[in-house]
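The values are calculated or read from the model by the stated rules, or taken from the named source; none is laboratory data. Owing to the predicted nature of the structure, the values given are computational and were not obtained by experimental measurement. Note: ideal-geometry Cβ built from the backbone for every residue, glycine included; neighbour counts use all protein chains shown. Each accessible area value is taken on the protein alone, full model and side chains, heavy atoms only, with ligands, DNA and RNA left out. Shrake-Rupley method; radii C 1.70, N 1.55, O 1.52, S 1.80 Å.
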Amino acid sequence: MVLAVVSFVSALVVAAEPVKRDFESDAIGSPPTGFDFGRTGGGREGKWVVRVEKGGTANHVLLQESADKTDYRFPVAVLKEGTYKDVTLSVRARPLSGEVDQGFGLVWRYRDANNYYITRCNALEDNCRIYHVAGGSRRQFGGQNVKVAKSAWHTLKLEATGNRFVVFYDGSKVFDGTDDTFKDAGKVGLWTKADSVIEFDDFTVEGR
């Protein structure tokens, strides 16, 4: 009984409180607090700014609003605090515009702007895919064709456990597989591509 109690208490100590960012406390027109910003590839840095949701009157969102059309350009916004190996991430995202791409994604086990995992959905290609980025080179290891409506809110969710990754798009599973490129804990965050102008909201991180 004592051993069981000790194990239960230890589990409580180790378990991390979920991190939830809805950007309501962040100032309009400024970058969100608690994030670092980077870019994989070329072109200009991303421009991550808190705005009022397009067409709305009050709801704060995080907008990546730089529309640089450099094709191999991936702006990222990662949380400064916390590193995670086994983690569940989710975010709501709305693609607003982009001629080269309209892609939005989640990153995890992020070491730096050239080394991380990414799962993303694209409203121009109508698909969701999963990649590892190693040494700045992006390699796909899974994906599925799905309808990704433009100017509509979508939910993207990722469950990482060891080398197994499960991705859900709007509540439906679109990937369940493994990869061994990055085995250690890393930071987590958000991602776009090229000239994708994307709104993000309700970014949630649950470490395990």
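Things to note:
- Among the candidates GLY143, GLY189, residue that is of a type in the set (Gly, Ala, Ser), open to solvent by less than 20 Å² (accessible area, probe 1.4 Å) and at pLDDT 95 or above: GLY189
- Unmet criterion (only one of (1) on the phi > 0 side of the Ramachandran plot; (2) of a type in the set (Gly, Ala, Ser); (3) touching a residue at least 24 places away in the same chain (Cβ under 8 Å)) for GLY42: (1)
- Breaking point among (1) polar (S, T, N, Q); (2) over 17 Å from LYS157 (Cα atoms); (3) in contact (Cβ under 8 Å) with a residue 24 or more places away in the chain, for THR33: (3)
- A Cβ distance below 8 Å, combined with a sequence gap of six or more or placement on separate chains, defines the contacts here; from the stretch 164-176, residues that are farther than 12 Å from LYS147 by Cβ and of a type in the set (Gly, Ala, Ser) reach residues that are at pLDDT 95 or above and surrounded by fewer than 17 Cβ atoms within 10 Å (Cβ to Cβ) in the pairs GLY171/THR155.
- For the stretch 20-46, the set of residues classified as over 23 Å from ALA58 (Cβ atoms) and either open to solvent by less than 60 Å² (accessible area, probe 1.4 Å) or among the charged types (D, E, K, R) (or both) consists of ASP36, GLY38, ARG39, THR40, GLY41, GLY42, GLY43, ARG44, GLU45, GLY46, listed by residue number.
- Checking ASN115 against (1) modelled with pLDDT under 95; (2) open to solvent by less than 50 Å² (accessible area, probe 1.4 Å), the condition it does not meet: (1)
- Condition met for GLU125 (more than 19 Å from GLY189 (Cα to Cα) and not aliphatic (A, V, I, L, M)): yes
- Of all residues in the stretch 56-109, those satisfying the criterion of being open to solvent by 10 Å² or more (accessible area, probe 1.4 Å), outside any loop (DSSP other than H, G, I, E, B) and over 21 Å from LYS183 (Cα atoms) are HIS60, LEU63, ARG92, ARG94, LEU96, SER97.
- Taken together, the residues in the stretch 145-157 that are in contact with a Ser or Thr (Cβ under 9 Å, 6 or more places away or on another chain) and assigned to a strand (DSSP E or B) amount to 3.
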